[in-house]
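Worksheet: one structure, shown below.
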Amino acid sequence: MRSALFGNLDSQQVPGTFALQNAKMLVVHLPPEVLARQGSMVAFQGQMDFNYEGGGVGRMFKKMVTGEGAPLMRVTGQGRLFLADNADDIHLFYLENEALTVNGRNLLAMDAHLTWDIQRVQGAGVAAGGLFNMTVKGTGWVAVTAHGTPVLLDASQAPTYADGQSAVCWSAGLHVGVNRTFKASALIGRGSGEAMQLAFQGQGFVLVQASEGPPVIPSQ
């Protein structure tokens, strides 16, 4: 896996279809097709079509039940496509027959030929927002957003925990569970506000943004 975050993103070794116009704007050169977050297009040059991307019946059902998964559009055509999301910082990953798990709220764009699915974190209930995430597989580009400057944590160095809304993406090979720190004092209004975190173990990384993001409304 290649990324500027790892210091191994050499433009001579990967296709030049995804690039950062600046820290908060992505430029994608079409063709080929790209999947992008709905509403993330801020400009384009050339001829392009924008179509709703459903992802199939199975993934649509998972979206409805979990509330997870980015609302995607498929962009086809030729030219330069400029994408951004709320002026958040953008980080690029180039997968080489690998998998990356992404918080759906942080996915900005990816190569259309990559496969994706929605998976549940072990030990997490359906109603807990942020504990269903998207796993993207294959060879190609993935662009994620982060609110503020993120930190890259090596989960092999020590047990690693992150708020479910702050974890942007992580190595798909990590073992991910739930760490519960709920205390009885929370029942009388003396809780810390940090009753549950994602717990990561194994060889891999976790990218954590400097924000817990907007409030998440549990799915009905």
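FYI, it's all coordinate maths here, none of it is from the lab. Since the structure is predicted, the reported quantities are computational estimates derived from the model, not experimental observations. We place every Cβ from the backbone using ideal geometry, glycine too, and count neighbours over all the protein chains shown.
Between Leu20 and Ala87, the distance separating the two model label sites (each 7 Å from Cα on the Cα→Cβ line) works out to 1.7 nm. Annotation: amide H of Asp89 within the under-5 Å range of Ala146, Gly148, sequence separation 5 or more or interchain, hydrogens built in the peptide plane.
Once amide H atoms are built 1.01 Å from N in the peptide plane, which residues 5 or more positions from Cys169, or in another chain, come under 5 Å H to H? Distant-sequence amide H within range of Cys169: Asn103, Leu207.
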